[in-house]
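To start, the structure itself, in structure tokens.
The values are calculated or read from the model by the stated rules, or taken from the named source; none is laboratory data. These numbers were taken from a predicted model, which means no experiment stands behind them. FYI the Cβ positions are ideal-geometry reconstructions off the backbone, even for glycines, and counts take in every protein chain you see.
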Amino acid sequence: MDMTFLQDLVCPCCGAKFILDIRENADLGIFGLMVCHCDQYPIVADIPIIIKGKIEPSATPVELIRRLIKDNEFVEALLHVLLPSPGRSVVLPRWRRMIKLKPVQSLIDRIFYRRFAELWRRKSRSRLRSMFRAGSVHDLLTWHFGEDGTNNKNHQDYFYYRFSQPRHLQALALATLFGRDGGQILDVGCGAGHLLFNLRCWNPTARIIGIDNNYFLLYLARHRIAPDASYVCADLENRMPFPNQAFSGVLAVNCFHFLMNKLTCASEMQRVLGTQGVIVLAALRHSLYPALTHNRAMRPEHYVELFSGMPYRLLADRVVLQRYIRKLAPDIAVTHGAMDFTQEPFVSLVVCRDEKVFREHAPFTQWPHGVRHQSINPLFVPDNGAGEDCLRLRRKFPSEFYVEENREILQYLPDKVDVPRSVLADNAAGKDGAGLEKLVADCVLLDMPSAYGGQSMTS
């Protein structure tokens, strides 16, 4: 873990630098406390938790985690912050769910709920412990969205099939505006770290930090998807725990429209941005286009007003994506503000004090999503009929909702594809070629972490 990252953090309440009380667990990472003038914040499995009150999504009190760390109960601390807060539907047995009379339901709940809740926790802890070392991204996502009682397959699919989503590719195209020569980049609302993984492949020398208020997603990012980045669990709608002008690039993808206090978040982005830095708000939902999911979207021009006085470009994501699938970098010479955004599901906002950023950027010489091209896109499954020399793959979407939310994916993801086994062998040997380039261009092959759970290129 990058210890200088911890040393650079500042308390968002008193502004003091932290005194670090570090303890290590060889299997799970760094644990400890960060002490400032006004409070003590825990570090759990390499991730500082700079939050007061309860930690999401487990709803665990911070005070409990502090106490467990002081007692060197590191495994217990990690289990507490990872276990979701379960609904009654997942805790209570099936026979209880069959009872329809509300008075009888209430009586059984009062008598048995605590007992069944404890049994559920024991079972869930046992499953989670088994996944600390060996569980893939797919395993952990399936466990998480099953254990919390919501069984929200749409959320699970969003995270698992993220790497080839239109919003992800479009955001990656705009993130290349940060360059490839180092710098310090902040991803606000980083989720499970998918974009940070691609940014690390694209810009290996950059110092990359993700911030989110969901500890489970940050754990997935740090220990499975993008382990080379650093992470902070903190509230995105309050002051961020970073000094002024700390970053050369600030990014927020598909999250800003969910925030209640957008003005504070926008002000914080400007505060932590360097004088020549770039802010990218990518995949912004807006109120001119109806969405399938709940959000707190505003009109496109109202997002611009949050960054009053700074030069900007407002872009239609569809246009950015159309350029990207032709291997063209963003053209941000002019704003798309005159377009009819009622036909655009997503827009993006690029803000920078340096007007030289606003130009048509040179075409990509390398696909940003295919720097390492190791794995087959999990949206493809094996099919029959290709013969011994080829692996035939068929596109398979997880649900109709996924297609509706990512309709632009039909523009570039083929229905079927035959992958020559010679191309697989070339890739395994580290060789490039026209066949490999075509598979990356079609998003059949993607940069993905080895622990993801997708198909290996050696299949």
Filter result (loosely packed, with under 14 Cβ neighbours inside 10 Å and in a helix (DSSP H, G or I)) within the range 1-22: 3, 4, 7
Taking the range 23-40 and keeping only residues that are touching a residue at least 60 places away in the same chain (Cβ under 8 Å) and crowded, with 17+ Cβ neighbours inside 10 Å, one is left with 28, 29
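Specify which of the listed residues (177, 186, 199) is surrounded by 24 or more Cβ atoms within 10 Å (Cβ to Cβ), aliphatic (A, V, I, L, M) and over 28 Å from residue 53 (Cα atoms). Steps first, answer last, please.
Values: 177 fails: surrounded by 24 or more Cβ atoms within 10 Å (Cβ to Cβ); 186 fails: over 28 Å from residue 53 (Cα atoms).
Of the residues listed, the single one that is surrounded by 24 or more Cβ atoms within 10 Å (Cβ to Cβ), aliphatic (A, V, I, L, M) and over 28 Å from residue 53 (Cα atoms) is 199.
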Just need a number here: residues in the range 383-429 that are hydroxyl-bearing (Ser, Thr, Tyr) and assigned to a loop (DSSP other than H, G, I, E, B). 2
Subset of the range 317-343 [in contact with a helix residue (DSSP H, G or I) (Cβ under 7 Å, 6 or more places away or on another chain) and without any contact (Cβ under 8 Å) to a residue 60 or more places away in the chain]: 331, 336, 341
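Output yes when any residue across the range 245-265 is of a type outside the set (D, E, K, R) and in contact with a His (Cβ under 6 Å, 6 or more places away or on another chain), and no when none is.
no
Can you go through 303, 289 and tell me which one is of a type outside the set (Asp, Glu) and closer than 11 Å to residue 348 by Cα?
Details: 289 fails: closer than 11 Å to residue 348 by Cα.
303 is the lone residue from the list that is of a type outside the set (Asp, Glu) and closer than 11 Å to residue 348 by Cα.
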Cβ-Cβ below 6 Å, separation at least six or inter-chain, first residue in the range 58-86 and acidic (Asp, Glu), second part of a helix (DSSP H, G or I): which pairs? 76/68
Of 275, 264, which residue is at pLDDT below 95 and of a type in the set (S, T, N, Q)? 275
Does any residue of the range 275-298 turn out to be closer than 30 Å to residue 182 by Cα and touching a Cys at 6+ places or on another chain (Cβ under 6 Å)? yes
Identify, please: which residue in the range 423-432 is surrounded by 13 or more Cβ atoms within 10 Å (Cβ to Cβ) and not hydrophobic (A, V, I, L, M, F, W, C) and is, among those, modelled with the highest pLDDT? 426
Can you tell which of 68, 64 is more than 25 Å from residue 242 (Cβ to Cβ), touching an Asp or Glu at 6+ places or on another chain (Cβ under 7 Å) and not assigned by TED's automatic domain parsing to the domain that holds residue 125? 68
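Return yes or no: is residue 192 under 20 Å from the mean Cα position of the chain (by Cα), modelled with pLDDT of 75 or more and not hydroxyl-bearing (Ser, Thr, Tyr)? If you could, list the steps in order and put the result at the bottom.
Working: under 20 Å from the mean Cα position of the chain (by Cα): yes; modelled with pLDDT of 75 or more: yes; not hydroxyl-bearing (Ser, Thr, Tyr): yes.
Yes: the conditions hold for residue 192.
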